[in-house]
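Here the structure is laid out as structure tokens; the discussion comes afterwards.
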Amino acid sequence: MSLRDITVGPDTPQWHEAYLRYAPRVFPSISFRDWYALGGWDAGYRTFAIADGDEIVANASLQRLTVLLSGHELTGWQLGAVGVLPEFRGRGLQHRIMERLMQIPGKDDLVYLFANDTVLEFYPRFGFERAVEHLYGVDIDFEPAANERLRKLSRTSAADRQHVKRIAATALPVTREFGARDYGGVLLWYWTNFYQECFYYDEQSDVVIVAAQHEDRLEICDVVADHLVDLSGYLPRIAERSVRSVEFGFTPEIIWPTARVIREYAESPLFLLRGTALPKLPFKYPVLAQT
Ligand SMILES: CC(C)(COP(=O)(O)OP(=O)(O)OC[C@H]1O[C@@H](n2cnc3c(N)ncnc32)[C@H](O)[C@@H]1OP(=O)(O)O)[C@@H](O)C(=O)NCCC(=O)NCCS
């Protein structure tokens, strides 16, 4: 066995197939292949891996983004797909990758990730600390509109895929508290995982709204547009049955300033490098920009 460090980006396609074989062996419920087929591997996505022959056995990826934090733009680096094949764990491989990967961000850049409950003690070893996020919502009653429904986008339509990529490339950040711009590749990942039937499009104003209804609660995951959007007019055109509350997957200080905090976000804990100054008010980094 000879293990070697490799870096894989859009410019090293010879390793892409190995990456697509590796990822489901660590994250079996997620399809990276569909994301890849849609063109989700963008210029800002780079993985730091260890290969055994032609196979990737350990990996951590960095997604470069433009981040908004308390109104300021920064270069952001989000870690993702951090994993090691089960038979290679406990030998220091991920440690070796983290040391290499942490050389990439500049000292003024923002480095962060969304973890799961099995690694809450892992990331602090590499200088990260947990930050608590909050979800906002609003109590509001309305019925679905009978006509002027928003059209659902289809992943099998080349024109629809183009709409998502084009709009995401120039979209305004949905929040300036802690948000991001230009995360179209990540959006495509959610279109192929978890939110397949949730991308709605309004041709007239060129807006993509990602929303999912759970009983009488409407979850607005993202609003992708190059202009400010009056969301209230769209809600009845998306709802599929009666709505009693709306929940936001991002801080809605721009789109719905009267929304209030409804609960702590516990699904996927946020970690940032120790000492990062965070917004003073409760915030939620956009769920569809999380890798
Ligand atoms: C978490 C994971 C990436 C660790 O990889 P690994 O190669 O086994 O880790 P290493 O051997 O490099 O361990 C480095 C250090 O972290 C410690 N460590 C490893 N896994 C840990 C965990 N889950 N929690 C806390 N500490 C952990 C090790 O004991 C070691 O400590 P030491 O330096 O004092 O000896 C691997 O267990 C994995 O793939 N898990 C499943 C996928 C996953 O949940 N990924 C996280 C997504 S957010």
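The values are calculated or read from the model by the stated rules, or taken from the named source; none is laboratory data. A quick note: this is a predicted structure, and the numbers were derived from the prediction, not measured. So basically every Cβ, Gly included, is an ideal-geometry build from the backbone, and we count neighbours across all protein chains shown. When the accessible area is computed, the model is the full protein with side chains, heavy atoms only, and any ligands, DNA or RNA have been set aside. Shrake-Rupley method; radii C 1.70, N 1.55, O 1.52, S 1.80 Å.
In the context of the full set of protein chains, the stretch 153-291 has a per residue accessible area of 42 Å² (1.4 Å probe).
Within a straight-line Cα-Cα reach of under 27 Å, LYS107 can be paired with the following lysines, leaving aside sequence neighbours fewer than 8 residues apart in one chain: LYS280, LYS284. A Stokes-Einstein calculation at 25 °C with viscosity 0.890 mPa s, built on the Kirkwood radius of the stretch 11-53 over Cα pairs, returns a diffusion coefficient of 219 µm²/s. Restricting the stretch 155-206 to GluC sites (Glu not before Pro) that sit in a DSSP loop and have at most 11 other Cβ atoms within 10 Å of their own Cβ leaves GLU197, GLU203.
Averaging the sequence gap over all C-alpha pairs within less than 8 Å and six or more residues apart, then dividing by the number of residues, gives the chain a relative contact order of 23 percent. With q set to 0.17, 0.22 Å⁻¹, the log10 of I(q)/I(0) for the stretch 136-264, from the Debye formula over equal scatterers at the Cα positions, is -0.89, -1.50. Given +1 at the Cβ of Lys and Arg, -1 at the Cβ of Asp and Glu and no other charges, the dipole of the stretch 1-110 around its Cα centre is 280 debye to the nearest 20.
Given only helices, namely DSSP H runs of n ≥ 4 each adding -39500 (n - 2.57), what is the per-residue ellipticity at 222 nm of the chain, to the nearest 500 deg cm²/dmol? That comes out to -5000 deg cm²/dmol.
Between the Cα long axis of helix 158-170 and the first principal axis of the chain there is an angle of about 90°, rounded to the nearest 10.
For the stretch 75-194, the equivalent ellipsoid built from the Cα gyration tensor has semi-axes of 35, 19, 17 Å, listed from largest to smallest.
Within the stretch 219-289, list the GluC sites (Glu not before Pro) lying in a DSSP loop whose Cβ has at most 14 other Cβ atoms in a 10 Å radius.
Listed in order of number, the matching sites are GLU240.
By the scheme Lys and Arg +1, Asp and Glu -1, what is the net charge of all other residues having a beta-carbon under 13 Å from that of ALA37? Its environment carries a net charge of +1. Here the chain carries DSSP beta bridges of which approximately 90% are antiparallel, counting only pairs with both residues inside.
So what is the diffusion coefficient of the stretch 3-133 in µm² per second by Stokes-Einstein at 25 °C and 0.890 mPa s, using a Kirkwood Rh over Cα pairs?
Translational diffusion coefficient: 158 µm²/s.
Normalised by 2.2 N^0.38 Å, where N is the number of residues, the alpha-carbon radius of gyration of the stretch 190-282 equals 1.20.
Here the chain is assigned +1 on the Cβ of each Lys and Arg and -1 on the Cβ of each Asp and Glu. Its dipole about the Cα centre then comes out at about 660 debye.
Seen from a random direction on average, the alpha-carbon convex hull of the chain projects onto 15.2 square nanometres.
What a 1.4 Å probe finds exposed on the chain is 50% carbon and sulfur by accessible area, rounded to a whole percent. Among the trypsin sites (Lys or Arg not before Pro) found in the stretch 169-270, those both in a DSSP coil and sparsely packed, with 16 or fewer other Cβ atoms within 10 Å of their Cβ, are ARG241. For the stretch 3-133, the per residue solvent-accessible surface stands at 46 Å², with DNA, RNA and ligands left out and a 1.4 Å probe.
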